[in-house]
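Novice: Please find one structure pasted underneath; my questions will follow.
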Amino acid sequence: MTYSQTINEAAKAIAPNGKPWDGIDAASVARMRLQNRFQTGLDIAKYTAKIMRADMAAYDADPAKYTQSLGCWHGFIGQQKMISIKKHFGTTKGRYLYLSGWMVAALRSEFGPLPDQSMHEKTSVPALIEELYTFLRQADARELGMLFRELDTAKAAGDAVGIHRTLHKIDDYQTHIVPIIADIDAGFGNAEATYLLAKKFIEAGACCIQIENQVSDEKQCGHQDGKVTVPHEDFLAKIRAVRYAFMELGVDDGVIVARTDSLGAGLTKQIAFVKEPGDLGDQYNSFLDCDEVDPANLGHGQVLITRDGKLMSPKRLPSNLFQFRPGTGEDRCVLDGITSLQHGADLLWIETEKPHIGQIGGMVRRIREVIPNAKLVYNNSPSFNWTLNFRQQVFDAWAAEGKDLSAYDRARLMSVDYDGTALADEADERIRTFQRDAAREAGIFHHLITLPTYHTAALSTDNLAREYFGEAGMLGYVKNVQRAEIRQGIACVKHQNMAGSDIGDDHKEYFAGEAALKAGGAHNTMNQFAA
């Protein structure tokens, strides 16, 4: 609905109420409605699910059309990312936000910083989804408010061209609201707990929920040791629980990302139930590390299964966990991916120990032999040492080609001594094109960085502290923060405006007319940044 149509609709609602509503202006109502386009989280989930589904179809037609996101732990961070994307690229198309359970645990728990082990309050995740969308909606209100002021200025000046141009901007306005891929960890309990929490996610606005196949009460960060997976039927029950939550709430095209941690998970808590040879339970158990046993020589308390007509004893640890055979991780990932897509998931996430296109692509090709349109969400993780990994990959590739590597020590490739060398430059080029190449060669639809702002906050704070508390003093802030904000056109340099002061002034004028006491007058120091 256009701005003019929204005014007409508001006028029709005001007119029947006669004189008591004379103080209600249709144009002001229209502005407020356009500034608050999304009334509920479900409105957002339904809107963004369609965006994500369209992007998935576009990727299927052309792998160059992959999507990206950055993780965030506060609504302001997510808001600033989308404002920056619109500023630099003119559109948010193909750019999402990622909500990391790791960052919620480390930065949002009332217990203080926690490891990524599902120990944080489960409700803190949907609370962050709601917070992110609150800040994104405020970004819409702020930018539209600036356009409405631009329109008023053009009208006051009798500038017909300016009026037409600004109305066009208002009617074609692109919202900051984008899909959020939200991390539900391993579901925080049984399938019922997963369903209840998924509903909270969706009601807060999530159109996409990522769930992993670890044991909920043994959950570990994907890049740490000690991961324990569950049998497929347990995981599929949780995928179905998430789908039921989407459908109950009317988000029929909600997106489910099934994550497998099997590549780095060597343990299971359960031996899967088997109905018949070759079923999912039997396939899961086939990866168990077992010893054949003599029925005449059984140990006390020994756990036994049969395999190919033989009596086998799975190796059980003192933790009461069972271990898988070494070297079976990729096979288990492939089975996990196929099974998840066959039973309700839309996208896969394979957690790897390094960013290697050959490794990822090899597994995806095997999955696509069964599910031709299988595609991945991939964690471009800060847990990887990208510099070292890619320098080693180039070193190994050059060694295979027979190149002279006498100038390089593979064990020291992270050293600054190698910066600027041909090998380092080649590695950096491979990092630069990693997302594009992996989208084409490894089936990756969506690339994300889980924890970018955790690291950028630490780095920028370290730089400011060194300067401000050192010899630079106040110049450390002015030169490296405020002056840089001004030069780069960072909207937050006018922090009062960013926090909603001008939106509030507009409302005061709607409510009180000439009697409004506004904050944005001549003595507001934010005017210093107009120059």
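Novice: Considering TYR510, TYR477, which residue is within 20 Å of LEU147 (Cβ to Cβ) and in contact with an Asp or Glu (Cβ under 9 Å, 6 or more places away or on another chain)?
Specialist: TYR510
Novice: Within segment 422-438, does at least one residue satisfy the condition of being in a loop (DSSP other than H, G, I, E, B) and in contact with a helix residue (DSSP H, G or I) (Cβ under 7 Å, 6 or more places away or on another chain)?
Specialist: Taking every residue of segment 422-438 in turn, none turns out to be in a loop (DSSP other than H, G, I, E, B) and in contact with a helix residue (DSSP H, G or I) (Cβ under 7 Å, 6 or more places away or on another chain).
Novice: Please state which of the following conditions LEU132 fails to meet, knowing it meets all the rest: (1) at pLDDT 95 or above; (2) surrounded by fewer than 21 Cβ atoms within 10 Å (Cβ to Cβ).
Specialist: Result: LEU132 passes all but (2).
Quick grid of which residues meet (1) closer than 27 Å to HIS507 by Cβ; (2) in the same structural domain as HIS164 (by TED's automatic domain parsing):
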| residue | (1), (2) |
| --- | --- |
| ALA10 | yes, no |
| ALA45 | no, yes |
| THR92 | yes, yes |
| SER100 | no, yes |
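Novice: Any chance segment 201-213 includes a residue that's within 22 Å of LEU335 (Cβ to Cβ) and in a loop (DSSP other than H, G, I, E, B)?
Specialist: Yes, there is a match, as at least one residue in segment 201-213 is within 22 Å of LEU335 (Cβ to Cβ) and in a loop (DSSP other than H, G, I, E, B).
Novice: Looking only at segment 481-531, count how many residues are basic (Lys, Arg) and modelled with pLDDT of 90 or more.
Specialist: 2
Novice: Out of the residues in segment 435-467 that are touching a strand residue (DSSP E or B) at 6+ places or on another chain (Cβ under 8 Å) and hydrophobic (A, V, I, L, M, F, W, C), state the one that is surrounded by the fewest Cβ atoms within 10 Å (Cβ to Cβ).
Specialist: Checked segment 435-467; the qualifying residue surrounded by the fewest Cβ atoms within 10 Å (Cβ to Cβ) is ILE449.
Novice: Would you confirm, using the coordinates I've provided, whether ALA141 is aliphatic (A, V, I, L, M) and buried (at least 16 other Cβ atoms within 10 Å of the Cβ)?
Specialist: In short, yes.
Novice: Turning to a different aspect of this structure: For segment 177-203, how many residues meet the condition of being out of contact with any strand residue (DSSP E or B) (no Cβ under 8 Å at 6 or more places or on another chain) and on the phi > 0 side of the Ramachandran plot?
Specialist: 2
Novice: Which ones in segment 388-427 are polar (S, T, N, Q) and either closer than 30 Å to TYR98 by Cα or not assigned by TED's automatic domain parsing to the domain that holds ARG440 (or both)?
Specialist: ASN389, GLN392, GLN393
Novice: Read through the list (1) closer than 30 Å to TYR98 by Cα; (2) crowded, with 18+ Cβ neighbours inside 10 Å; (3) not basic (Lys, Arg), then give the number of the only condition that ASN385 fails.
Specialist: That leaves (2) as the condition not met.
Novice: Taking the condition hydroxyl-bearing (Ser, Thr, Tyr), touching a residue at least 60 places away in the same chain (Cβ under 8 Å), closer than 23 Å to ARG332 by Cα and in contact with a Ser or Thr (Cβ under 9 Å, 6 or more places away or on another chain), does TYR454 pass?
Specialist: no
Novice: Also: From (1) buried (at least 19 other Cβ atoms within 10 Å of the Cβ); (2) modelled with pLDDT under 95; (3) not hydroxyl-bearing (Ser, Thr, Tyr), pick out the condition that doesn't hold for LEU97.
Specialist: (2)
Novice: How about segment 84-139: which of its residues are more than 23 Å from HIS447 (Cβ to Cβ), touching a residue at least 40 places away in the same chain (Cβ under 8 Å) and touching a Ser or Thr at 6+ places or on another chain (Cβ under 9 Å)?
Specialist: Answer for segment 84-139, where residues must be more than 23 Å from HIS447 (Cβ to Cβ), touching a residue at least 40 places away in the same chain (Cβ under 8 Å) and touching a Ser or Thr at 6+ places or on another chain (Cβ under 9 Å): SER118, ARG137, ALA139.
Novice: Then there is this: Checking ALA182 against (1) closer than 18 Å to SER381 by Cα; (2) among the small types (Gly, Ala, Ser); (3) surrounded by fewer than 20 Cβ atoms within 10 Å (Cβ to Cβ), which test does it fail?
Specialist: (3)
Novice: Evaluate the following for ILE350: is it under 22 Å from TYR66 (Cβ atoms), at pLDDT 95 or above and either surrounded by fewer than 21 Cβ atoms within 10 Å (Cβ to Cβ) or polar (S, T, N, Q) (or both)?
Specialist: no
Novice: Hey, could you check segment 3-48 for residues that are polar (S, T, N, Q) and crowded, with 17+ Cβ neighbours inside 10 Å and say which is farthest from the chain's Cα centre (by Cα)?
Specialist: This residue is SER28.
Novice: Out of contact with any helix residue (DSSP H, G or I) (no Cβ under 6 Å at 6 or more places or on another chain), surrounded by fewer than 16 Cβ atoms within 10 Å (Cβ to Cβ), modelled with pLDDT of 95 or more and assigned to a helix (DSSP H, G or I): does that describe GLU471?
Specialist: No, not satisfied.
Novice: Given the residues VAL293, VAL303, VAL334, which is the only one that is touching a residue at least 12 places away in the same chain (Cβ under 8 Å) and under 36 Å from the mean Cα position of the chain (by Cα)?
Specialist: VAL334
Novice: Which residues, counting only those in segment 369-416, are more than 28 Å from ALA64 (Cβ to Cβ), part of a loop (DSSP other than H, G, I, E, B) and of a type in the set (Phe, Trp, Tyr)?
Specialist: Selection gives TYR408 alone.
Novice: Filter segment 226-252 down to the residues that are among the β-branched types (Val, Ile, Thr) and in a loop (DSSP other than H, G, I, E, B), then identify the one that is nearest to LEU42 (Cα to Cα).
Specialist: It comes out as VAL251.
Novice: Okay, moving on. Report, by residue number, each residue of segment 54-73 that is under 26 Å from ALA127 (Cα atoms), of a type outside the set (Val, Ile, Thr), surrounded by 17 or more Cβ atoms within 10 Å (Cβ to Cβ) and at pLDDT 95 or above.
Specialist: SER69, LEU70, GLY71
Novice: A further question follows. Could you please give the count of residues in segment 45-68 that are farther than 17 Å from ALA204 by Cβ, hydroxyl-bearing (Ser, Thr, Tyr) and touching a Pro at 6+ places or on another chain (Cβ under 9 Å)?
Specialist: 1
Novice: When you scan segment 155-189, how many residues do you find that are in a helix (DSSP H, G or I), without any contact (Cβ under 8 Å) to a residue 60 or more places away in the chain and aliphatic (A, V, I, L, M)?
Specialist: The qualifying residues number 4.
The values are calculated or read from the model by the stated rules, or taken from the named source; none is laboratory data. Just so you know, these numbers come straight off a predicted model, no measurement behind them. Please note: Cβ atoms are built from the backbone with ideal geometry, for glycine as well, and neighbour counts cover all protein chains shown.
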